[in-house]
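First up is the structure itself, then whatever we jot down about it.
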Amino acid sequence: MKRIRLSWTHGAALLIAAFVAAPLYWMAASSLKGRTEIGASPPDAWPKDGTLANYRDAFLDNDFGTYLLNSVAVAVVATVLVLGLSSFAGYALARLPLRGKAPIMVALLMISLFPTIALAAPLFLLMRELGWLNSYQGLILVYTALNVPFAVWILRNFFLGIPKEMEEVAWVDGASPLRTVVSVILPQARPGMFTAAIFTFTACWTEFLIALTLNTADRYRTMPVGLALFGSQFTIPYGTIFAAATVSVLPIALLVLVFRRAVVSGLTAGAVKG
C-alpha cells in the first residue's frame, strides 16, 4: 500500500510539473520559429528550421537589452535594500521584548497584501513632487517599500528557529548586540535570506503596473513594460515576443534551480514556533 501511495504521489507531481513546463517549452520552441511556422496549423511541436532571428530582432530592433539592464539594476539594488532592512526588523520582532508584536505582524501582512493598483496614483503624485519620475531611484524606493513587509515575515520566522544559546554564548564572549547579529545570527539565517532575496527579486523583476506608471521614458523602462509595448497598432511580432519572454524567464529559473534547497528550508523554518 505504501508503494502505491508513493506511485500516486509521484504521478501527481509529474502531472503538475508537465502542466507547468508545457507553456514554458512552447514559448522557448516558438522563439526559434519563423513567422510562417508560428502561424502554421496544425502547429509543429519543434521548429523545423530553427532560427535566432527573433532574438536578434528583440535586442537590436526593439532595444530589449536596455529594458533588461534596467530590470537587473532596479531588482538587484531593491533586493539588497530589502534584505538589509528586513534582516534587522525581523530579528527585532523575533527576539526583542517589544510591545504590540502581534498588531505589527498583522499590519505587515496587510501591507504586503495591499493591491498595487490602489497605490499607483498616490505614488505617481509623490514621485512627481520629488522629481523622481523617469528615474531609477524612484522605482527602487517603491519596490523596497512594497517588499520589506513580506521579507520581514519570512526572516522573522527563520530567526525564531535559531537557538538563543548561540546569542548568549556570543554575549558571554563580549560581543555587542550588533556584532552578535552580524557575525552569529545572519550567517545562520542564510537559507531564510536566500528565500527572501529570491521572492523579492522575482517580485521586482516581474512587476508591471508601478513601472508603467512611474517610468514612461523609453530609456528607463523595465523588461515587463518594454515587452508589453512590442509591436505596433497593426502588427504583433509573436516570435520576437516569445524570444524576449524566454530570456526574461531564465534568471528566475536559474535562481530557483540553484537555491531550491535554501528556498524550501527558508519557507519551512519557524513553522512550528510562535
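The values are calculated or read from the model by the stated rules, or taken from the named source; none is laboratory data. All figures in this text were calculated on a predicted structure; none of them were measured in a lab. With ideal geometry, Cβ positions are generated from the backbone for all residues, glycine too; neighbour counts draw on all protein chains shown. Protein only, heavy atoms only, side chains kept; ligands, DNA and RNA dropped before computing areas. Shrake-Rupley method; radii C 1.70, N 1.55, O 1.52, S 1.80 Å.
Every listed requirement among (1) at pLDDT 90 or above; (2) hydrophobic (A, V, I, L, M, F, W, C); (3) surrounded by 14 or more Cβ atoms within 10 Å (Cβ to Cβ) is met by Ile38 save one, (1).
Residue under question is Gly226, and the condition is that it be within 27 Å of Gly131 (Cα to Cα), modelled with pLDDT under 95 and among the small types (Gly, Ala, Ser); does it hold? The answer is yes for Gly226.
Are there any pairs, at least 6 apart or on different chains, whose C-beta atoms fall under 6 Å, with the first in region 29-48 and free of Cβ contacts under 8 Å to residues at least 60 places away in the same chain and the second basic (Lys, Arg), and if so, which? Correct list of pairs: Pro47/Lys33. Of the conditions (1) in contact (Cβ under 8 Å) with a residue 24 or more places away in the chain; (2) surrounded by 12 or more Cβ atoms within 10 Å (Cβ to Cβ); (3) part of a helix (DSSP H, G or I), Ile117 clears all except one; give me its number. If we test Ile117 against (1) in contact (Cβ under 8 Å) with a residue 24 or more places away in the chain; (2) surrounded by 12 or more Cβ atoms within 10 Å (Cβ to Cβ); (3) part of a helix (DSSP H, G or I), just (2) comes out false. What is the one condition in (1) open to solvent by 40 Å² or more (accessible area, probe 1.4 Å); (2) at pLDDT below 95; (3) among the small types (Gly, Ala, Ser) that Ala94 does not satisfy? Looking at each condition in turn, Ala94 falls short on (1).
Taking region 1-105 as the region of interest, the helices (runs of 4 or more DSSP H) fully inside it that hold 1 or more residues being among the charged types (D, E, K, R) and under 30 Å from Phe159 (Cα atoms) are 64-95. Pairs linking a residue in region 175-189 that is outside any loop (DSSP other than H, G, I, E, B) to a residue that is not basic (Lys, Arg), with Cβ atoms under 6 Å and 6 or more positions apart or on different chains, are Thr180/Glu167; Thr180/Ala170; Val181/Tyr91; Val184/Met166; Val184/Ala170; Gln188/Ile162. The residue that is surrounded by the most Cβ atoms within 10 Å (Cβ to Cβ), counting only those in region 140-188 that are among the small types (Gly, Ala, Ser) and under 30 Å from Met127 (Cα atoms), is Ala151. Looking only at residues of region 63-87 that are closer than 16 Å to Val181 by Cβ and in contact with a helix residue (DSSP H, G or I) (Cβ under 7 Å, 6 or more places away or on another chain), we find that the one that is surrounded by the most Cβ atoms within 10 Å (Cβ to Cβ) is Ser86. Note on region 195-219: residues that are open to solvent by 30 Å² or more (accessible area, probe 1.4 Å) and closer than 18 Å to Ala89 by Cβ amount to 2.
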